[in-house]
Structures are given as structure tokens and as C-alpha cells.
1. I'm checking my understanding of the structure. Among residues of segment 61-110 that are free of Cβ contacts under 8 Å to residues at least 60 places away in the same chain and in a helix (DSSP H, G or I), which one is farthest from Val48 (Cα to Cα)?
2. Give me a count of the residues in segment 73-86 that are over 16 Å from Ser25 (Cβ atoms) and in contact with a helix residue (DSSP H, G or I) (Cβ under 9 Å, 6 or more places away or on another chain).
3. Could you say which residue among Ser21, Ser17, Ser35 is under 17 Å from the mean Cα position of the chain (by Cα), surrounded by fewer than 14 Cβ atoms within 10 Å (Cβ to Cβ) and of a type in the set (Ser, Thr, Tyr)?
4. If you go through segment 54-81, how many residues are closer than 19 Å to Gly106 by Cα and not β-branched (Val, Ile, Thr)?
5. Taking segment 1-21 as the search range and keeping residues that are in a strand (DSSP E or B) and of a type in the set (Val, Ile, Thr), which one is farthest from Ser35 (Cα to Cα)?
6. What number of residues in segment 46-72 are open to solvent by 50 Å² or more (accessible area, probe 1.4 Å) and either touching a helix residue (DSSP H, G or I) at 6+ places or on another chain (Cβ under 8 Å) or farther than 21 Å from Val2 by Cα (or both)?
Amino acid sequence: QVQLVESGGGLVQTGGSLRLSCAASGSILSINVMSWYRQGPGEQRELVAIISSTGITKHADSVKGRFTISRDNAKNTVYLQMNSLKPEDTGVYYCKAYAAGSYYWGQGTQVTVSS
């Protein structure tokens, strides 16, 4: 079992920055890929960024050049640095981990970008 706890969300103005954190606990040695998803109001959940255990990353086209995913394996934490935020980035951001053949989700953290 893996538990994920997100933090760092909040209210920010257009053009601002936030850094989200996702702390993992439990069977952390089995964690492989970690990722961030988001779900805007009335929208489906979508992949924002993904990072492998070796640090290979991929970002959605909508956030390329603005968001950066990273991980600190020593702290069992994955981060999402979000810069140049836009109102369309508003939503609940979820952390997801793949470990030992199962997927695990955090509870989500709200990000609101005001225009």
C-alpha cells in the first residue's frame, strides 16, 4: 500500500507561481512512475506531467515551458513547479503513483488562478 498526500495548492493571480508537493509513505520502495493530474470544473481528469524512477519526464503540451515535475527520492516526494499560471490551470491537482502493479491516488489539492 502507498499513501499520497498533496499540499501547496491555493489562490494565485494570473502569471503567478505555485509549487505542489506530494509526499509518499507506505511501500515506497515499490513506487515506480509518479505523475500529476488535474481536473477542472466540469472537465475530465487529465494528465499534467509524469516522471519515472530515473527522472525521465514528460509534460502535457498545455503546460510545457511553464510547469516542471521533479522528484526527491530521498524525501519520497514529487513536486510540480507551476509558473506563469493561467485561469485555465484552475482545478484540483492529484498525485498518482504506480507501485507493484497498482495505482494510488492522493486526495487532491485545489489550485485557483484568478484573472
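1. Among residues in segment 61-110 that are free of Cβ contacts under 8 Å to residues at least 60 places away in the same chain and in a helix (DSSP H, G or I), the one farthest from Val48 (Cα to Cα) is Glu88.
2. Count: 1.
3. Ser17
4. 9
5. Among those residues, the one meeting the criterion is Val12.
6. 9
The values are calculated or read from the model by the stated rules, or taken from the named source; none is laboratory data. Since we're looking at a predicted model, the values are computed, not measured. Cβ: placed from backbone, ideal geometry, glycine included. Neighbour counts: every protein chain shown. All accessible areas refer to the heavy atoms of the entire protein, side chains included, with ligands and DNA or RNA removed. Shrake-Rupley method; radii C 1.70, N 1.55, O 1.52, S 1.80 Å.
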